[in-house]
Amino acid sequence: MKEASVDTIQFLVLSVWPIGLGAISLGVLTVGFTGFAASSAKSANANTGLPSSSTVERFVVGLCAAASSLGLVAAFQIVRLSRVSLPRFPVTGVLLAVSLLLLALPALFWETRFRWVAEGFALVALGTTAILGMWSFGFLFLPLLVVMAGACIEHLLEISCSFLRAHRRV
């Protein structure tokens, strides 16, 4: 029984790298397409209502907001230990703290038309966090990463369907 659990954790640790890179790529696509859609909706004076949301999306945004509190802890520890550690502000630690803090963006932009853009940034931050913590705690972010990737895929599909409907020839 013990060997099976170790094998499972080893598999999860080794799958962090490809899943994290795929999530970062998907997050960049989401930021680009949803950002373009949000800015063109404003410039075209179209209906600038809030984007739709599902129960899964609300759940994953709440989990990301809760996980971003770890970024506050990491930033506090980096500043607290800056007097005694060399280098004073380790690049990996600062990058980890910033990527954890970026997880709060979807919650901060929930009531705006840029919520989907913030979710794309959060997906990039989740992928970065998982990769940076790959050999210790990064695999724990995989379920959240997969669900957020699903939400971003849903947004991309919704934008592409609305684009096709708007530009369909009758």
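Quick look at the values:
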quantity: Selected residue (criterion: most open to solvent (accessible area, probe 1.4 Å)) from residues of the stretch 78-98 that are in contact with a helix residue (DSSP H, G or I) (Cβ under 8 Å, 6 or more places away or on another chain) and more than 19 Å from Leu126 (Cβ to Cβ); calculated: Arg88
quantity: Single residue of the stretch 130-170 satisfying the filter (among the small types (Gly, Ala, Ser) and outside any helix (DSSP H, G or I)) that is surrounded by the fewest Cβ atoms within 10 Å (Cβ to Cβ); calculated: Ser136
quantity: Of all residues in the stretch 99-118 being among the small types (Gly, Ala, Ser) and over 13 Å from Thr128 (Cβ atoms), the one that is least open to solvent (accessible area, probe 1.4 Å); calculated: Ala118
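The values are calculated or read from the model by the stated rules, or taken from the named source; none is laboratory data. Note that the structure is a prediction, hence the values are computed from the model and not measured. Neighbour counts run over all protein chains shown; Cβ positions are idealised from the backbone, glycine included. With ligands, DNA and RNA removed, areas are computed over all heavy atoms of the protein, side chains included. Shrake-Rupley method; radii C 1.70, N 1.55, O 1.52, S 1.80 Å.
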